[in-house]
Amino acid sequence: MIHNPQTTIHASRIGNIEVLQELIRLEADLNASDEKGYTPLIISCYNNQYEAAKLLIEHGAALNSQDQGGNTALMGVSFKGYLSIAELLIHHGADLNLQHGNGGTALMFAAMFGRNDVLKLLLSEGADKTILDIRGLSVLDHAAQQGNEEALRIIEQY
């Protein structure tokens, strides 16, 4: 088997557990990134590969790695609405309040894209709703801009 970062990233993207297990056995670098800064964990999470993400986390993948734009795995699943992977990341200690290059947070992504179940989870786990992005906008502002009335109600509850 070819042992390089692209192999690990590809296996993570498609959720190939057998290949990932072999790469882990060969002591592949689980935090290596591609040209966009995507790590195997970020890629598995962006592609809704729960079992791959779980395996990577259990074998030491860095939870808070950021791609070139500053996006984390938690930001990606918040944007896409993958609640079970968000729970997995949070349970293992992902930073709820990291900001990407424009100052956005996982909480802001959940509000902007109507991922209200993820929004509730993040708030219930202690995500900071007072953080502002580089434009000075809060999660409430982002929810309001999107017309997400449910998100506004959820945010105000916390």
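For this structure, a couple of remarks:
- Computed FRET value (nearest 0.05) for S84 with R135, which takes r as the C-beta separation and R₀ as 30 Å: 0.45
- Across the chain, the longest piece that holds none of the GluC sites (Glu not before Pro) lying in DSSP loops with up to 10 other C-beta atoms within 10 Å covers 36-158.
- On full extension, the segment bounded by H10 and Q146 gains 45.6 nm, given 0.36 nm per residue less the C-alpha separation.
- Backbone amide hydrogens, once placed in the peptide plane, bring G101 within less than 5 Å of G70, N71, excluding anything fewer than 5 places away on its chain.
- Across the stretch 86-91, computed HN-Hα scalar couplings (Karplus, 6.51 cos²θ - 1.76 cosθ + 1.60, θ = phi - 60°) run 4, 4, 4, 4, 5, 4 Hz from first to last residue, x flagging Gly and Pro.
- Relative contact order [Cα under 8 Å, 6+ residues apart], the chain, whole percent: 16
- In this label model, E35 and H91 are separated by 3.7 nm, measuring between points 7 Å along each Cα→Cβ vector.
- Within straight-line cross-link reach of K80, aspartates and glutamates at Cα separation under 15 Å, skipping those fewer than 8 residues along the same chain: D117
- The phi-based Karplus calculation (6.51 cos²θ - 1.76 cosθ + 1.60; θ = phi - 60°) puts the 3J(HN,Hα) values of the stretch 74-84 at 5, 5, x, 6, 6, 5, 8, x, 8, 4, 5 Hz, whole numbers, x for Gly and Pro.
- The stretch 110-157: C-alpha gyration tensor shape, a/c 1.5 cut-off, then a/b vs b/c: oblate
- The E22 and Q68 beta-carbon pair, evaluated with R₀ = 25 Å, returns a calculated FRET efficiency of approximately 0.30.
None of the figures in this text is laboratory data; all of them are computed from the coordinates on show. Keep in mind the model is a prediction, meaning the values are calculated, not measured. Here the Cβ is made from the backbone with ideal geometry for all residues, glycine too, and neighbour counts use every protein chain on show.
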